[in-house]
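Q: Please read through the structure below; I'll follow up with questions.
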């Protein structure tokens, strides 16, 4: 049997169109057939995780059952009890499979873990979030079927965007009225076509045509200071362009397909290259991931540090938490020196950024603010980001350490 | 002291800005507030008004202007 990478080729889109057509007609007439939606979801999950990838399919099923038991068990427990240590234990258990998947290649010479499958990270983010909101008491009516639909919603299963349980549930339980749905349909289809341009034209050009050439040239131009060369700088911009168009393209497919299904999955990118500073960049780049980190790691850690008065000054609390937050993000990408350095780089960048913003606020009168400084800020931010992606790309690992 | 005055006091302390003249301005867009300030706000609400707001209740779009914050706190008090 064939297996398909989600949104990977024209056949996948053709199947998507055929499968979604009855669903679209239903939504236009104000009806949502849960049974049909479930069948479509199962069909596309089998396309992705069946055939030669069946071991991943088995891993996915076991993983889902495991997370259901944890979240459901915790929701039942939380109705009458609220122990801190038990909550931490449950969170640790929920992220244990992901931790194993991420650490295995580092200790087993690049060997992938048997329990891994495409999308394990994104499912873990959803499960942990469900658990944390259950603890806070903001998620009161946990429902196993809704949780399964939320976790296994096929348009976003492989790489997000990372939706929120309560937001997804509200959309899933209701049917948009015709005007609203027509608007969603229009947006959804536009997103798909912009996605085609990003993913199959621009990312193809930068990633498949240009990047291998630049990599070869950069490898041949080694020997200078830190082996830096013009081709390497070219590679930095080319890789950044590829990373953006590839992931933003995928995200547009995922959001577009969701919209067509009447689910307003949140957007992942919002013109990141016009950010005037790094802090703003993280409000515009891989938004659902950075907001997940903000809401479930950064804010909670800051809350905990301040409540227990760990640091004297609020700024120290903020700075330490920035570094921890971005280091965790680095580790999440994978246990390699370049992912962790990338996380550290962004943590430090956020600290410097905040310090500068505070300084600027204090000396508002004496610091010029005009068109030129605005353009310069955007230029500087974009270049810092591209440099961080050069670290992230792992090419420095090859340039410096490959014989 | 009423809730409105207390919240405004907290916001003024926190941001170093007098926000009472711009009750519908977005505090996050203008950079006056950020995640750090949000947490400080939640902690101050707890200590000064006894209003308990868990972090996951803090949906930024519902808390982004002084007026919205006051309305939220009044609803939760």
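The values are calculated or read from the model by the stated rules, or taken from the named source; none is laboratory data. What you are looking at is a predicted structure, and each value in this text was computed from that prediction instead of being measured. Counting neighbours? That spans all protein chains shown, and the Cβs are built from the backbone with ideal geometry, glycine included.
Q: Could you tell me which of the residues B:61, B:20 is in contact with a helix residue (DSSP H, G or I) (Cβ under 8 Å, 6 or more places away or on another chain) and surrounded by fewer than 14 Cβ atoms within 10 Å (Cβ to Cβ)?
A: Numbers: B:61 fails: in contact with a helix residue (DSSP H, G or I) (Cβ under 8 Å, 6 or more places away or on another chain).
Just a single option satisfies the conditions, and that option is B:20.
Q: Within the stretch A:328-344, restricting attention to residues that are touching a residue at least 60 places away in the same chain (Cβ under 8 Å), under 15 Å from the mean Cα position of the chain (by Cα) and part of a helix (DSSP H, G or I), which residue is surrounded by the most Cβ atoms within 10 Å (Cβ to Cβ)? Write out each step before concluding.
A: Start the filter on the stretch A:328-344 by keeping residues that are touching a residue at least 60 places away in the same chain (Cβ under 8 Å), which leaves A:331-332, A:334-337.
Still in the list and also under 15 Å from the mean Cα position of the chain (by Cα): A:331-332, A:334.
If we keep only those that are part of a helix (DSSP H, G or I) too, we end up with A:331-332.
Values: A:331: 16, A:332: 19.
Result: A:332.
Q: Which of the following residues is exposed (fewer than 15 other Cβ atoms within 10 Å of the Cβ) and either under 22 Å from the mean Cα position of the chain (by Cα) or within 28 Å of residue A:37 (Cα to Cα) (or both): A:203, A:170?
A: Details: A:203 fails: exposed (fewer than 15 other Cβ atoms within 10 Å of the Cβ).
From the options A:203, A:170, the qualifying one is A:170.
Q: Scan the stretch A:270-286 for residues that are more than 11 Å from chain B (Cβ to nearest Cβ) and touching a helix residue (DSSP H, G or I) at 6+ places or on another chain (Cβ under 9 Å) and jot them down. Show your work before the answer.
A: Going through the stretch A:270-286, the residues more than 11 Å from chain B (Cβ to nearest Cβ) turn out to be A:270-275, A:278, A:281, A:284-286.
Residues satisfying the conditions are A:270, A:272, A:273, A:274, A:275, A:278, A:281, A:284, A:285, A:286.
Q: Which members of the stretch A:125-142 meet the condition of being more than 20 Å from residue A:258 (Cβ to Cβ) and more than 14 Å from chain B (Cβ to nearest Cβ)?
A: Going through the stretch A:125-142, the residues more than 20 Å from residue A:258 (Cβ to Cβ) turn out to be A:128, A:131-142.
Within the stretch A:125-142, A:141 is the sole residue that qualifies.
Q: Can you tell me which residue within the stretch A:71-97, out of those that are crowded, with 20+ Cβ neighbours inside 10 Å and more than 23 Å from the chain's Cα centre (by Cα), is farthest from residue A:144 (Cα to Cα)?
A: By that ranking, first place goes to A:78.
Q: Return yes or no: is residue A:290 closer than 30 Å to residue A:132 by Cα, without any contact (Cβ under 8 Å) to a residue 60 or more places away in the chain and not assigned by TED's automatic domain parsing to the domain that holds residue A:23?
A: Details: closer than 30 Å to residue A:132 by Cα: yes; without any contact (Cβ under 8 Å) to a residue 60 or more places away in the chain: yes; not assigned by TED's automatic domain parsing to the domain that holds residue A:23: yes.
In short, yes.
Q: Another question about this same structure. Could you check how many residues of the stretch A:297-316 are at the interface with chain B (Cβ under 8 Å from one of its Cβ atoms) and closer than 24 Å to residue A:135 by Cα?
A: Step one: filter the stretch A:297-316 for residues at the interface with chain B (Cβ under 8 Å from one of its Cβ atoms), giving A:298-300, A:302-303, A:306-307, A:314.
Checking the rest, the ones that are also closer than 24 Å to residue A:135 by Cα come to A:298-300, A:302-303, A:306-307.
Going through the stretch A:297-316 one residue at a time, the tally reaches 7.
This table checks each residue for (1) part of a helix (DSSP H, G or I); (2) within 30 Å of residue A:104 (Cβ to Cβ); (3) touching a strand residue (DSSP E or B) at 6+ places or on another chain (Cβ under 8 Å); (4) in the same structural domain as residue A:90 (by TED's automatic domain parsing).
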residue: A:124; (1), (2), (3), (4): yes, yes, no, yes
residue: A:127; (1), (2), (3), (4): yes, yes, no, yes
residue: A:135; (1), (2), (3), (4): yes, yes, no, yes
residue: A:138; (1), (2), (3), (4): no, no, no, yes
residue: A:146; (1), (2), (3), (4): yes, no, no, yes
residue: A:150; (1), (2), (3), (4): yes, yes, no, yes
residue: A:160; (1), (2), (3), (4): no, yes, no, yes
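Q: Which of (1) free of Cβ contacts under 8 Å to residues at least 24 places away in the same chain; (2) part of a helix (DSSP H, G or I); (3) not assigned by TED's automatic domain parsing to the domain that holds residue A:217 does residue A:325 not meet, given it meets every other one?
A: Result: residue A:325 passes all but (1).
Q: So residue A:311 ticks every box in (1) modelled with pLDDT of 95 or more; (2) under 23 Å from residue A:274 (Cβ atoms); (3) not in a helix (DSSP H, G or I) but one. Which box is left unticked?
A: (2)
Q: When the stretch B:43-52 is examined, which residues are found to be more than 7 Å from chain A (Cβ to nearest Cβ) and either surrounded by 19 or more Cβ atoms within 10 Å (Cβ to Cβ) or part of a helix (DSSP H, G or I) (or both)? Please lay out each step first, then the result.
A: We begin by selecting, within the stretch B:43-52, every residue more than 7 Å from chain A (Cβ to nearest Cβ); these are B:44-52.
Result: B:44, B:45, B:46, B:47, B:48, B:49, B:51.
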